[in-house]
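The values are calculated or read from the model by the stated rules, or taken from the named source; none is laboratory data. What you see is a predicted model; the values in this text were computed from it and never measured. Every residue, glycine among them, receives a Cβ derived from its backbone with ideal geometry; neighbour counts consider all protein chains shown.
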Amino acid sequence: METKKIGNQTINVHNYNTVIVGAGAASMNCAVHLYEFASQKGVADAGERIAVITAGLGLGASRMSGSDKQTYYKMGTSPDVPDSAEEFSKSLTAGGCCHGDLALAEGIGSLREFYHLVEVGVPFPHNPMGSYIGYKTDHDPYERATSAGPKTSRFMSECLQRQVVGYGIRIFDNQEAVRLVTIGSGDSKRIAGVVTADRKKAGKSNFAMNLFLGANIVLAAGGPGEMYETSVYPKGQVGIHGLAFEAGLIGENLTESQFGLASTKFRWNVSGTYMQAVPRIFSTDANGKDEKEFLTDFFPTMSKMATNIFLKGYQWPFDPQRIENLQSSLVDILVFNETQKGRHVFMDFLKNPAPGPKMKQFDLDELEDEALNYLKATGALQATPIERLAHMNPLAIEIYKENGIDLYSEPLEIAVCAQHNNGGFAVSRWWQSNIPHTFIIGEMAGTHGVKRPGGSALNAGQAGGLRAAEYIVNVYGDEVADYTSQQAQIDEKLKECVNKVGGLVGGKRSGVEVIKEIQHRMTTSGGHIRELNDAKKALADEVALFKSIEEGGLKVADTGELIAAVQARNLALGSAGYLKAVVALLEQASGSRGSHLVLAEDGVEIHPDVIDKATGKPLKFKPENKALRDSILRTGYDEGSPDLFRCENIKPRPLPAERKAFEPGWQDYREGKIYE
Ligand SMILES: Cc1cc2nc3c(=O)[nH]c(=O)nc-3n(C[C@H](O)[C@H](O)[C@H](O)COP(=O)(O)OP(=O)(O)OC[C@H]3O[C@@H](n4cnc5c(N)ncnc54)[C@H](O)[C@@H]3O)c2cc1C
């Protein structure tokens, strides 16, 4: 390590072949594969050529998030139902706006990566014959979903990390990314490195900066969790979307965030068995008084209401196409409607759903077939929801206990929360970004379309990391970064970076305050309910906020506040990019799709008592404009544009159909043509 003096700052400079930002399941897997591919090529010190940097080793969705049985969606492993990568990719692209080559690569890489996880020790269950058992999510005949329990992605990260550490790969913890350092322009533009500030040391006058130079950069910093107020992303999951835009990386499908019911005191999804146990759902006023069975005003019978609570379990997340005619996403809308009135909504596992005035009492035998057959098949016919949950999935109760909530004695507060972004940054079939030598994997990569099967995010993160690692080692090689001839450019960029961070110090509002403003705006205007004029105003406000940070800085007093200021700037620019995409899509009359509802005066009324808070009138939504399924919205930073961003539509790349015979295919492989 060298040090460099830039202005009044001393920067530690580290040099690697590949620098990975983020330490979740995607990152750890990519690091393992990089090491293994390089070692197989004879590199003796492969571990010393790779670095992982993260804001927090314990942070991120992989390590901190989950659900009743967190799903890993892979190609079918049933001994009697054949599956294929092409069938798998069709499920990934079915909702539209998804590149066929990425979907096929995720299918082809699926089992290789699944068994890789098995090998590193993730306890996926198998039967006495060794067959990895799965379950259906939403009529999937192949039973592709599997799970290692509520903490699947945590186990993945931890098992892979053991391997990473064993290979001698260094993990730099507490490193908040501050800037991606670019050099060159046009086709020769590169991201040469990442500047970080040490979260434990950085303060108003000492920014405690590191520069991690890499011949290759892999961005695996996860989704934009801290952009939202009502969120089930773990606290501290900031992401680096603002920094990535600024470096020139292009976003795709940013509008396709997912929202769903989750507990808020301890952030956890209440999908699967939490709902299939059919708990009572009720609301109270802000003081915890005035309990109300609010769902009963909207469902005609107990059977319909209870069946929809059950279905919410695997018809998760919120889906605007499952509202009409009393379907399960009406539950999300009604929960949201209650919270809009300032009320709090809870799941009560001690009692069965309570009837409204004209309803019968709850009776398991009156559930519709789909629900009743499932509960019969799993033997979950006990008298109360907590008994049914304990029977189906005791770990689902335990995870709350571990986090200070006893479902045997207290109700669980829930809300409709932001949980995942199907979009992200554009990648090629080798997960390379629009800037050569920079790769994007995991949730930060925009590989999913408008809809995706539950659990496919984790599969995509593994398959993408494998592809990126293979490409890096075979095409770009194993040399450590050498930017000697571009040193002047790098120094200039470092100076700019130090000035920018210095410029953040001096404003009136703190980073924490500004982040709250961003989160509120994103949940209100870029969340699961959207409206064009409102989104336009939000975009203008966000752009003005970013410019005000650039011009006047933020209040920075002690150590943590510099980090919050850096995050606020990153989130302000990132959310301006997201809002620009939201506006651009609404301007194309996109309608309600994926996991968001678009309001329109001439739209479909949900129910006279479901009110649009902004107008006081019944909430009406616009159906999906299906013509847009064959286009992907791209968003790029453009400093000169009034909105700071520009958007364009592109066509999704098709599913590759080429199948070569063995000999020519082998020749392509030997000659490295497969990477062209
Ligand atoms: C409640 C919940 C339940 C989910 N359930 C499922 C499921 O059942 N199945 C499924 O497939 N997917 C699920 N997902 C989605 C899935 O968990 C995530 O998409 C996936 O874990 C992301 O992995 P990743 O490695 O890309 O990023 P993460 O695991 O989020 O890791 C991000 C890394 O980047 C670091 N980082 C972030 N910002 C910065 C910064 N500014 N500077 C430096 N470092 C930074 C973090 O500290 C962390 O190390 C769920 C998500 C949530 C929130």
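Overview of values
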| quantity | calculated |
| --- | --- |
| Cβ pairs under 7 Å, 6+ apart, first in the range 596-617 and in a strand (DSSP E or B), second surrounded by 12 or more Cβ atoms within 10 Å (Cβ to Cβ) and small (Gly, Ala, Ser) | Val598/Ser590; Val598/Gly591; Val598/Ser592 |
| The one condition in (1) farther than 16 Å from Pro453 by Cβ; (2) in contact with a strand residue (DSSP E or B) (Cβ under 8 Å, 6 or more places away or on another chain); (3) not aliphatic (A, V, I, L, M) that Glu143 fails to fulfil | (1) |
| Which listed residue, of Thr196, Thr146, Thr152, Thr137, is within 20 Å of the chain's Cα centre (by Cα), in contact (Cβ under 8 Å) with a residue 60 or more places away in the chain, crowded, with 24+ Cβ neighbours inside 10 Å and within 11 Å of the ligand (Cβ to nearest atom) | Thr152 |
| Unmet requirement for Thr255, which otherwise passes all of (1) surrounded by 24 or more Cβ atoms within 10 Å (Cβ to Cβ); (2) hydroxyl-bearing (Ser, Thr, Tyr); (3) within 13 Å of the ligand (Cβ to nearest atom) | (3) |
| Failed item in (1) more than 12 Å from the ligand (Cβ to nearest atom); (2) closer than 30 Å to Ala177 by Cβ; (3) part of a loop (DSSP other than H, G, I, E, B), with Ala103 passing the rest | (3) |
| Total residues in the range 59-87, condition within 14 Å of the ligand (Cβ to nearest atom) and not in a loop (DSSP other than H, G, I, E, B) | 7 |
| Any hit, the range 233-244, residues being surrounded by fewer than 24 Cβ atoms within 10 Å (Cβ to Cβ), over 30 Å from Ser67 (Cα atoms), modelled with pLDDT of 95 or more and charged (D, E, K, R) | no |
| Pro642 vs. criteria touching a residue at least 24 places away in the same chain (Cβ under 8 Å) and surrounded by 11 or more Cβ atoms within 10 Å (Cβ to Cβ) | no |
| Selection count, the range 568-590, where residues are under 17 Å from Gly553 (Cα atoms) and of a type in the set (Lys, Arg) | 1 |
| Single unsatisfied condition, Asn127 versus (1) in contact with a strand residue (DSSP E or B) (Cβ under 6 Å, 6 or more places away or on another chain); (2) free of Cβ contacts under 8 Å to residues at least 40 places away in the same chain; (3) polar (S, T, N, Q) | (1) |
| Odd one out for Val120, checked against (1) away from the ligand (no atom under 12 Å from the Cβ); (2) under 22 Å from the mean Cα position of the chain (by Cα); (3) modelled with pLDDT of 95 or more | (2) |
| Of residues in the range 347-380 being in contact (Cβ under 8 Å) with a residue 40 or more places away in the chain and small (Gly, Ala, Ser), the one nearest to Pro394 (Cα to Cα) | Ala380 |
| Tally of residues being more than 6 Å from the ligand (Cβ to nearest atom) and outside any loop (DSSP other than H, G, I, E, B) across the range 24-58 | 21 |
| Qualifying positions in the range 173-225 - hydroxyl-bearing (Ser, Thr, Tyr) and not in a loop (DSSP other than H, G, I, E, B) | Thr182, Ser188, Thr196 |
| Residue list for the range 618-639, restricted to those being outside any strand (DSSP E or B) and either of a type outside the set (A, V, I, L, M) or loosely packed, with under 13 Cβ neighbours inside 10 Å (or both) | Pro623, Glu624, Asn625, Lys626, Ala627, Arg629, Asp630, Ser631, Asp638, Glu639 |
| Where Arg63 falls short, out of the listed (1) at pLDDT 95 or above; (2) more than 30 Å from Lys401 (Cα to Cα); (3) within 22 Å of the chain's Cα centre (by Cα) | (2) |
| Some residue of the range 464-483 being assigned to a helix (DSSP H, G or I), near the ligand (Cβ under 10 Å from one of its atoms), under 20 Å from His33 (Cα atoms) and touching a helix residue (DSSP H, G or I) at 6+ places or on another chain (Cβ under 6 Å) | yes |
| Any hit, the range 357-372, residues being surrounded by 18 or more Cβ atoms within 10 Å (Cβ to Cβ) and touching a strand residue (DSSP E or B) at 6+ places or on another chain (Cβ under 6 Å) | no |
| Check on Ser590, within 16 Å of the ligand (Cβ to nearest atom) and of a type in the set (S, T, N, Q) | no |
| Number of the condition not met by Pro128 [criteria: (1) surrounded by 21 or more Cβ atoms within 10 Å (Cβ to Cβ); (2) in a loop (DSSP other than H, G, I, E, B); (3) more than 16 Å from the ligand (Cβ to nearest atom)] | (1) |
| Residue list for the range 440-454, restricted to those being in contact with a Ser or Thr (Cβ under 8 Å, 6 or more places away or on another chain) and within 11 Å of the ligand (Cβ to nearest atom) | Ile440, Ile441, Gly442, His448, Pro453, Gly454 |
| Residue match in the range 282-297 (condition: crowded, with 23+ Cβ neighbours inside 10 Å, of a type outside the set (Val, Ile, Thr) and within 16 Å of the ligand (Cβ to nearest atom)) | no |
| Residue match in the range 406-427 (condition: in contact with a Cys (Cβ under 7 Å, 6 or more places away or on another chain), surrounded by 22 or more Cβ atoms within 10 Å (Cβ to Cβ), more than 22 Å from Arg144 (Cα to Cα) and in contact (Cβ under 8 Å) with a residue 12 or more places away in the chain) | no |
| Selection count, the range 554-576, where residues are within 18 Å of His520 (Cβ to Cβ) and in contact (Cβ under 8 Å) with a residue 60 or more places away in the chain | 9 |
| Any hit, the range 97-107, residues being surrounded by 22 or more Cβ atoms within 10 Å (Cβ to Cβ), more than 30 Å from Asp630 (Cα to Cα) and aliphatic (A, V, I, L, M) | no |
| Test: residue in the range 205-213 that is under 26 Å from the mean Cα position of the chain (by Cα), in contact (Cβ under 8 Å) with a residue 24 or more places away in the chain and surrounded by 23 or more Cβ atoms within 10 Å (Cβ to Cβ) | yes |
| Residues satisfying the stated conditions in the range 262-272, i.e. away from the ligand (no atom under 11 Å from the Cβ) and in contact with a Ser or Thr (Cβ under 9 Å, 6 or more places away or on another chain) | Thr264 |
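For every residue, the table says whether it meets (1) in contact with a Pro (Cβ under 8 Å, 6 or more places away or on another chain); (2) part of a helix (DSSP H, G or I); (3) over 28 Å from Arg154 (Cα atoms); (4) not hydroxyl-bearing (Ser, Thr, Tyr).
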position: Gly342; (1), (2), (3), (4): no, no, yes, yes
position: Pro357; (1), (2), (3), (4): no, no, yes, yes
position: Tyr400; (1), (2), (3), (4): no, yes, no, no
position: Ile405; (1), (2), (3), (4): no, no, no, yes
